[in-house]
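S.K.: Got a structure for you, questions after.
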Amino acid sequence: MKPPRSLQGRLLVLVLSLVVLVWLATAALTWLDASHELDELLDGHLAQAAALLVVQQAQEIDEEDDRGVDAPTLHRYAPKVAFQVFHEGRLTLRSANAPTLPMVKPGKGFEAGFDTVQIAGTAWRVFATSGAKRDVQVYVGEQASSRAAILWAVLRSTLWPMAVALPLLALTVWWAVYLGVAPLRRLGSALAERQAQALHPVALDGAPSEMAPMVSALNALFERIGTLLESERRFTADAAHELRTPIAAIRIQAQVALGETDQALRLHALQFTLDGCDRATRLVDQLLTLSRLEAVAAPDLAAVDLRALTQRVVAELAPKAIGKNQTLDFDALEPCSVAGNETLLAVLVRNLVDNAVRYSPPSARIKVSLQAVEGQSGESGQVVLSIEDSGPGLTEADRQRLGERFFRVVGSLDSGSGLGWSIVRRIAAVHHMDLQIERSVALGGLAVRVRCQSSVAAA
């Protein structure tokens, strides 16, 4: 049988099943105990009756009188009790309902003690004993059915209250379970009445402590969903805002190319169109990267060789620096292993180096270096990534605003969306890195330093 689907139904079935099992076990134990005590009591009654007959026989029976005597019926329950007295093998006294033969099992001789025998198809409980003289035998018997009747009478007084109490107990258990799961019903009603866009925390007054983890997890889920939806809304707004300008520029350049008859001017317009497409593509890539970063709370981390990764990124951006007649140096004497996500770290390094190349003037010098820093007073070791340039640098106010979406320094000649620093700050945050922006003492321009945990120290 399948269990009920509702929590209340399952609790009711479980509790009532346990109650019924306990009730049946109690009834069985009561039955066995009452039956045992009744047998002991009635067996004692048979033994006492036999003792009285023995005494009476010793005093009143004439040894020379061989006539059998039937005892009179003095009580309405007398037919349920029988006795016999034998003297020298002859029946000298018996009850009216007792047989003339000894009340023993067929083929069995006299044996003192209790026994259960069948007499005329009826079960009798018989006690046999010897008289004052060894040639006197006394048998006292009682119908087994009378014992069962007395047992039922005793058990009725015990079981009837239990039988009446069982449905009352079931009703009270149902009511208790109903009240116990009421907070779950209130939670279900509260969730059913919420609007689809409602992501505020669930408040459930009077909720038991067992429900607190579930409500907390549910509120945390609403918070994550709200953050994700807000990120999607920002992404949509940012994309719509930022793509409007490059798309308009691409449209204008395409219209110029269509209407221009001069081949050189047409090629120039088409080149601007391609440049606009590249800028739009880069902007979309940055928006998608930022959106994915905001949707991920903690990326998968592994040991990453930051020297090899930085060397690869610098090599990819070297042609761009050479095109601007810039000097791009990379300095790292030994491998530097850090704990991080290789893809995200590559994006961080690429954005920092690309910003230095992009916003530094021609003939500028850009230096990228890696340095392992030993911990002090038991602190774990760190790796410091530095990107310095000889450009004009930034004011203190502009450095404080780096990382704001779509913030661009006034007077910057190169195109950009301002999202690169937002991406860098987000990657640094999810890796628990320390990001410092200051003026370069060696080159005079901007200096960016990223402190990250060494994977050896983290292990």
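Bear in mind that the values in this text are calculations on the coordinates, not laboratory data. In this text, all values refer to a predicted model and were calculated from it rather than measured experimentally.
S.K.: Taking each pair of different alpha-carbon atoms in region 163-219 once, compute 1/r for the pair, average those values, and report the inverse of that mean as the Kirkwood hydrodynamic radius in Å to one decimal. Please report the intermediate quantities before stating the final value.
M.R.: Values: mean 1/r = 0.0749 Å⁻¹.
That comes to 13.3 Å for region 163-219.
S.K.: Would you kindly derive the ³J(HN,Hα) couplings of region 314-323 from the backbone phi angles with the Karplus curve 6.51 cos²θ - 1.76 cosθ + 1.60 (θ = phi - 60°), listing them in order in whole Hz, with x for Gly and Pro?
M.R.: Those phi angles translate into 4, 5, 5, 8, 4, x, 5, 5, 4, x Hz.
S.K.: Continuing with this model, one more query. Subtract the Cα-Cα distance of A148 and S209 from 0.36 nm times their separation in residues, and report this length gain in nm to one decimal.
M.R.: On the way: separation 61, 0.36 × 61 = 21.96 nm, distance 5.33 nm.
Length difference between fully extended and current span is 16.6 nm.
S.K.: Show the residues, 5+ positions off or on another chain, whose built amide H is closer than 5 Å to the amide H of I366.
M.R.: Long-range HN contacts for I366: T327, L328, D329.
S.K.: Let me ask something else about it. For region 106-225, count all C-alpha to C-alpha pairs, find those more than 19 Å apart, and express that count as a whole percent of the total. Don't skip to the answer; put the middle values down first.
M.R.: On the way: 5149 of 7140 pairs.
Tail of the P(r) past 19 Å holds 72 percent of the pairs.
S.K.: Between M162 and A176, what is 0.36 nm times their sequence separation minus the Cα-Cα distance? Round to one decimal in nm.
M.R.: Values: separation 14, 0.36 × 14 = 5.04 nm, distance 2.00 nm.
Length gained between M162 and A176: 3.0 nm.
S.K.: Return the long-range amide H neighbours of C336 (sequence gap of 5 or more, or a different chain), with a cut-off of under 5 Å between placed amide H atoms.
M.R.: Long-range HN contacts for C336: L306, R307, A308.
S.K.: Also, I was wondering about something else. Hey, can you grab everything whose amide H is under 5 Å from the amide H of G393? Only 5+ residues off in sequence or another chain; H modelled, so Pro and N-termini drop out.
M.R.: Answer set, sorted by chain and number: L446.
S.K.: Under the 0.36 nm per residue contour assumption, what length would be gained going from the current alpha-carbon distance of K108 and I252 to full extension? Kindly include the intermediate steps, with their values, before the conclusion.
M.R.: Working: separation 144, 0.36 × 144 = 51.84 nm, distance 12.70 nm.
Additional length available on full extension: 39.1 nm.
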